[in-house]
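*Asks:* Got a structure here, written out as structure tokens. Questions coming.
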Amino acid sequence: MAADDASFDAENGSQRLDKDTKESLVRVVRHGVLLGWSFVVLFPLYWLASMSLKPPGVANQLPPEWVFLPTVYNYIQLVQDGEFLAAFANSLIMVGASVILVLIIGVPAAYVLSRYDLPMERDILVWILSSRMLPPIAVVLPFFVIFRALNLFDTRIGMVFMYVSINISLVVWVMKAFFDGIPETLEEAARVDGATQFQGFTKVVLPAAKPGIFSVAIISFIFAWIELLFGLVLTSFESVPVTLFVYSFIGSRSIEWGMLAAASMAMILPVVVFLIVVNKYLAAGLSFGVVIKE
Amino acid sequence: MARITLDDVTKRFGDEGESIIAVDDVSLEMKDGEFMVFVGPSGSGKSTLMRIVAGLETQSEGDVLIDDTVVNQLGPRARDIAMVFQNYALYPNMTVEENMSFGLKMSTEMPEDEIEETVTSTAEMMGISDLLDNKPGELSGGQQQRVALGRAIVRDPNVFLMDEPLSNLDAKLRTEMRTEINRLQHDLGVTTLYVTHDQTEAMTMGDRLVVLNYGELQQVGTPLECFYRPANRFVAGFIGSPSMNFFGRKVEDDTLQCDGFEYELTEPMRESVGDHKRVELGIRPEDVELHDSPVDGNDFEVVVDVVEPMGSIAYVYCRAAGQESDETFVVEADGKRAISEDQSFYAHIPPMDAHLFDVVTGETIHQRELDGDLGVTADEREQSADVSPNS
């Protein structure tokens, strides 16, 4: 009997051992895969960052110098060069304004499209989407002509309109789907509670739609922030966006790698800051304290 | 508290010409403090009718009156009502406390501290005090339901409207909340309009039921009136669980021709039938008797198809021996009685418990025999019970 027990224990023990080994093996593989993937994702960023910290003449060496004395020379050069700061500020203002404007126009439009039975609603939606159907390169010259005619060429306001037109379809479509997911009974409850229809929208629906609004805001921001083509054609001096300024480091004879890398690093900054600020709402997800009618 | 009157209310949806009639010329009056239940299958117009009372929907024709004021043109805001929605419709971005105080902030001039006090005391009454700082998303279904009720109660409105508030709860919680809503309504004495498709809920909760089908009013009456004195075949079949059994189609020589058997009409039945040729007999499952041998000439042989034991009772699904169709009817039998499938019995339909309906119009032409006053509401029953020991 005792012998039986012992063998039973041993068997049990070896089973446990097997299980432990398996688990740790899985853990090793999982970490290995994650490490590998992180390397793939982060290496270009590392490359860019390290290039921005190399002194001139070292940045473009191939094979690269893996060990070097980091310097902020490129960054100082950037800051001292007023043009970069001007372009950076230009972009911040134009992109920021465009995001606010596109939300002011797009969110209420999406709400109306979601809540009211409009005639030709489907067509309106497709029409809005159609603004993005042509490749930008195909429309950039007509835009150039129109902008010249309307005195919008090389103006910040012109670029704001441009960015709004780029993002409006995204905002309307995503927010319409979002509002569709918010039960209408919420507004009805608000109206029964004594709110006007407008108060129902501002006090109940909009706060409930916050995660959606912040999502489209950050995506619109990124799309406008990284836009190059329209900036290249529709600006010349006054309203040059930062992308265009970065692009200017790629000259016809040589490329200023260090400066290019430093400016690119600087460009990442606002997106990261914006993401950190709104991250809470993005992560909040879509938990509506309501049960969807079955 | 308030009276509500609906006067020839009709609601059509859609364009002229191809519109759908959701509510068809409904008139009724709800007394002050009454608990009235709108009951009917889906698409019967009961929710639409409630939404018309709420002011969320405007009727195509007719008037809605609260007390003596015609409120047709008034929005929900001006009607001083509170509503509990099927999906609770709690504001997801607000805490429970904010949810409950929202209505008071929007519809009254009450100062902040008074609002807080009112909310706190209502929350205590509803047993949700410890949830006040939570968001709706963090609550269970039952808790959300309590908050939704609390949000309505805190407003101290003229009228409560409840749109299938229990349908998202599990069976046990539903029964508990049913009792609780009953008690609350009784304590608060606020006129309450309750919509449900569940006839059990309707029977157990309402002072009076409004039975609707296809937008038309079928019957208004106490639960017992609707059960024992159905106005038509629809009400007879809808109220009561399991449903009433229906037999026969036509009357020949004072005999009802049924699938598999014949039923000779009694003298009072014949008087009721008169000229009606196409007649259906209705009998509730608990009134049908199963015997081993025939009791009278109307009894017919049946074969048991399925037995559903419920404990104290069993539902026995039977088919008449000579029947052509596969249809069964249900008999409520004593749960202790041993009945098995394919067993044969003689079914006895006591004439005094049977209803007769006109097949064409659905109208009830003969009611079962009964003693007692069915017009008494639950409240009145309770009051008379309170008085009787002393008298």
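The values are calculated or read from the model by the stated rules, or taken from the named source; none is laboratory data. From a predicted model like this one, the values you see are computed outputs, not experimental measurements. All Cβ positions, even for glycine, are placed from backbone atoms using ideal geometry, and neighbour counts span all protein chains on display.
*Asks:* Just for the stretch A:193-220: of the residues that are part of a helix (DSSP H, G or I) and touching a Gly at 6+ places or on another chain (Cβ under 8 Å), which one is farthest from B:Pro165 (Cα to Cα)? Reasoning before the result, please.
*Replies:* Pass one, the stretch A:193-220, residues part of a helix (DSSP H, G or I): A:197-208, A:210-220.
Next, from what is left, pick out any that are touching a Gly at 6+ places or on another chain (Cβ under 8 Å): A:211, A:216.
On the way: A:Pro211: 28, A:Val216: 35 Å.
Result: A:Val216.
*Asks:* Could you say which residue among B:Ser272, B:Ser325 is under 18 Å from B:Arg249 (Cα atoms), surrounded by 16 or more Cβ atoms within 10 Å (Cβ to Cβ) and in contact (Cβ under 8 Å) with a residue 12 or more places away in the chain?
*Replies:* B:Ser272
*Asks:* Right, another one. Which of (1) among the small types (Gly, Ala, Ser); (2) farther than 15 Å from B:Ala89 by Cβ; (3) at the interface with chain B (Cβ under 9 Å from one of its Cβ atoms) is the odd one out, the single condition A:Ala208 does not satisfy?
*Replies:* It is condition (2) that A:Ala208 fails.
*Asks:* Could you list, in sequence order, the residues of the stretch A:155-183 that are within 9 Å of chain B (Cβ to nearest Cβ) and surrounded by fewer than 19 Cβ atoms within 10 Å (Cβ to Cβ)? Spell out how you get there, then give the answer.
*Replies:* So the first thing to find is which residues in the stretch A:155-183 are within 9 Å of chain B (Cβ to nearest Cβ), and the list is A:182-183.
Of everything in the stretch A:155-183, nothing turns out to be within 9 Å of chain B (Cβ to nearest Cβ) and surrounded by fewer than 19 Cβ atoms within 10 Å (Cβ to Cβ).
*Asks:* Identify, by number, the condition in (1) under 23 Å from B:Pro41 (Cβ atoms); (2) touching a Phe, Trp or Tyr at 6+ places or on another chain (Cβ under 9 Å) that B:Arg174 doesn't meet.
*Replies:* (2)
*Asks:* Being hydroxyl-bearing (Ser, Thr, Tyr) and under 21 Å from the mean Cα position of the chain (by Cα) is the filter here, so list the residues in the stretch A:232-257 that pass it.
*Replies:* Across the stretch A:232-257, the qualifying residues are A:Thr243, A:Tyr247.
*Asks:* How many residues are polar (S, T, N, Q) and surrounded by fewer than 16 Cβ atoms within 10 Å (Cβ to Cβ) if we restrict to the stretch B:1-35? Please lay out each step first, then the result.
*Replies:* Of all residues in the stretch B:1-35, those polar (S, T, N, Q) come to B:5, B:10, B:19, B:27.
From what is left, the residues that are surrounded by fewer than 16 Cβ atoms within 10 Å (Cβ to Cβ) are B:19, B:27.
Total meeting the criteria: 2.
*Asks:* Kindly establish whether A:Phe223 is more than 23 Å from A:Ile276 (Cβ to Cβ), in a helix (DSSP H, G or I), modelled with pLDDT of 90 or more and aromatic (Phe, Trp, Tyr).
*Replies:* Considered against the rule, which asks whether it is more than 23 Å from A:Ile276 (Cβ to Cβ), in a helix (DSSP H, G or I), modelled with pLDDT of 90 or more and aromatic (Phe, Trp, Tyr), A:Phe223 comes out as no.
*Asks:* Taking strands (runs of 3 or more DSSP E) that fall entirely within the stretch B:1-113, which contain at least 1 residues that are within 25 Å of B:Phe227 (Cβ to Cβ)?
*Replies:* Hits in the stretch B:1-113: B:4-13, B:20-30, B:35-39.
*Asks:* Show the residue pairs that are 6+ apart or on different chains and have beta-carbon atoms under 7 Å apart, the first residue being within the stretch B:7-35 and in the same structural domain as B:Leu193 (by TED's automatic domain parsing) and aromatic (Phe, Trp, Tyr), the second being buried (at least 16 other Cβ atoms within 10 Å of the Cβ) and assigned to a strand (DSSP E or B).
*Replies:* B:Phe13/B:Ala22; B:Phe35/B:Thr192; B:Phe35/B:Tyr194
*Asks:* Failed condition for B:Met162, given (1) more than 14 Å from chain A (Cβ to nearest Cβ); (2) buried (at least 24 other Cβ atoms within 10 Å of the Cβ), with all others met?
*Replies:* (1)
*Asks:* Look at A:Leu62 and say whether it is of a type outside the set (Asp, Glu), without any contact (Cβ under 8 Å) to a residue 24 or more places away in the chain and farther than 29 Å from A:Ile222 by Cα. Walk me through it before giving the result.
*Replies:* Working: of a type outside the set (Asp, Glu): yes; without any contact (Cβ under 8 Å) to a residue 24 or more places away in the chain: yes; farther than 29 Å from A:Ile222 by Cα: yes.
In short, yes.
*Asks:* I've got another one for you. Could you check how many residues of the stretch B:306-318 are buried (at least 16 other Cβ atoms within 10 Å of the Cβ) and more than 11 Å from B:Phe345 (Cβ to Cβ)?
*Replies:* From the stretch B:306-318, those buried (at least 16 other Cβ atoms within 10 Å of the Cβ) are B:307, B:313-318; that's our starting set.
With more than 11 Å from B:Phe345 (Cβ to Cβ) added as a condition, the list becomes B:307, B:313-315, B:317.
Residues that pass the stated criteria total 5.
*Asks:* Now, a different point. Could you count how many residues in the stretch B:36-75 are more than 17 Å from the chain's Cα centre (by Cα), buried (at least 17 other Cβ atoms within 10 Å of the Cβ) and aliphatic (A, V, I, L, M)?
*Replies:* Adding up the residues that qualify gives 7.
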